[in-house]
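Right, one structure below, let's go through it.
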Amino acid sequence: MTRPSDRLWRGVGVALLIAGGLAGAFSDAIESDLGGLLLLGFPIGMFGLVLVVQGRRAPRAIRVECSRHRHLPERLQRRRNGNARCG
């Protein structure tokens, strides 16, 4: 069972995935200098795909990765193994 907040994140992911696909389609259909639109649309589509698959866990993982505590599990493991230096 998915929670409403998880459905919201997955819905945002679907919207971003569609927007990325449309950006790629428009950049191919129009014969002008809109190659940058494809370069912008591809990462948007990939981020949307991650949100569709992971749901609300994706923003949490990004938040943890950007925090100063991202190395905490490695440091705890080193300390348990007897390596005193945890720098």
By residue number, the members of region 46-75 that are modelled with pLDDT under 85 and either touching a strand residue (DSSP E or B) at 6+ places or on another chain (Cβ under 7 Å) or of a type in the set (A, V, I, L, M) (or both) are Ala58, Ala61, Ile62, Val64, Leu72
Would you point out the residue of region 1-42, among those that are within 23 Å of Arg56 (Cα to Cα) and in contact with a Phe, Trp or Tyr (Cβ under 9 Å, 6 or more places away or on another chain), that is modelled with the lowest pLDDT?
-> Gly41
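The values are calculated or read from the model by the stated rules, or taken from the named source; none is laboratory data. Keep in mind that this is a model prediction, so the values were computed, not measured. Here Cβ is always computed from backbone atoms with ideal geometry, including for glycine, and neighbour counts include all displayed protein chains.
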